[in-house]
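What follows draws every value from the coordinates through simple rules; no lab data is involved. Just so we're clear, the structure is a prediction, and the values are computed from it rather than from any experiment. So basically every Cβ, Gly included, is an ideal-geometry build from the backbone, and we count neighbours across all protein chains shown.
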Amino acid sequence: MAKLDESLIAALAPFQKLDRHQIREILDQAVPKRHDEGSEIFREGEEADRFFLLLDGFVRVVRTTPTGEQVILRHIPPGQLIGIAPALGRPTYPASALSASESLTLAWPVRLWAVFLERYPGFASHAMSAMGQRFQELHDHVTELATKAVEQRVAACVLRMVNQSGRKVEGGIEIAFPVTRANIAEMTGTTLHTVSRLLSAWERDGIVESRRKHIVVTAPHRLVILSGATG
DNA sequence: GCATTAAATAGAA
DNA sequence: TTCTATTTAATGC
């Protein structure tokens, strides 16, 4: 297999402070893999033997309830580490990771986590602040689920995806990975029918434009108002 | 205000 | 065609 190019990860947050030699060491131990849209990167409950870096594409973190319902916990944008809870001491993955769009990951055996922390400057502090950020988002999300009405939750959800993955297109900002109404329902604790009705209503009001699996937000400020944002 | 059920339409494989 | 995504209406809590 051809060697991975150092430029792949040299600029990414977890590795920013490293020199070329260290980047090389890290890459030489990585296993790259391409994932088709919808394919599973790792599964909830499975032995957590690796952690990953998402190089390209988007990943959906998903839990399945005993009754078979899916809950989407979060989306991960490119450049982030995933499957790292195991590296912090869990024997199994706490959730499944699905490729939301065609994507590319690097994987390392979990025993290297401790080596990375010790050896590579900035890696540990990055990992910690990334976890802190996820906690913050989690707290916001729980509060939102507990207190907001459905329309506000769906508006906040769409905004969150736009903020993390929005790409500018003519007339607005598009969510950069495929999302269905059922997906949004799984993130917001409602039904796809309600999401469909809301998006249709917003489209009539000129706030969004959507085709199948694609959403363009044409009036983000109005979505912010609908979300009942506090900050 | 929102879920559930059901039925129709339309795009993609 | 068959499968999947989406819309829309009707009904009930």
Where does helix A:150-165 land angle-wise versus the long Cα axis of chain A, in degrees 0 to 90, nearest 10?
40 degrees
Computed helical MRE - 222 nm, chain A, DSSP H runs ≥ 4 contributing -39500 (n - 2.57), nearest 500:
-11500 deg cm²/dmol
The stretch A:46-154: trypsin sites (Lys or Arg not before Pro) in DSSP coil with no more than 12 other Cβ atoms inside 10 Å:
A:111
Exposure rule at most 13 other beta-carbon atoms within 10 Å, DSSP loop GluC sites (Glu not before Pro): chain A longest free segment
A:70-169
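Rounded if a/c is under 1.5, else prolate if a/b is larger than b/c, else oblate: which is the stretch A:127-180, with a ≥ b ≥ c the root eigenvalues of its Cα gyration tensor?
oblate
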Counting alpha carbon pairs within less than 8 Å and at least 6 residues apart, what relative contact order, in whole percent, applies to the stretch A:148-226?
33 percent
Take the alpha carbon gyration tensor of the stretch A:148-226, find the square roots of its eigenvalues, order them as a ≥ b ≥ c, and report rounded if a/c is under 1.5; if not, report prolate when a/b exceeds b/c, else oblate.
rounded
Exposure proxy check on A:190, A:67, A:180: fewest-to-most Cβ neighbours within 10 Å is A:67, A:180, A:190
When only C-alpha pairs under 8 Å and at least 6 residues apart count, what is the relative contact order of the stretch A:98-231, in percent?
23 percent
Under the definition of Cα pairs under 8 Å and six or more residues apart, what whole-number percent is the relative contact order of the stretch A:33-172?
28 percent
Round to the nearest 10 and give me the degree value, 0 to 90, for the angle of helix A:192-204's Cα axis relative to the longest principal axis of chain A.
70 degrees
Beta bridges by DSSP in chain A, antiparallel share as percent, to the nearest 5:
100 percent
Along principal axes, Cα extents of chain A, largest first, whole Å
55, 42, 34
tail above 23 Å in the computed P(r) of the stretch A:6-134, as % of all Cα-Cα pairs, reads 29 percent
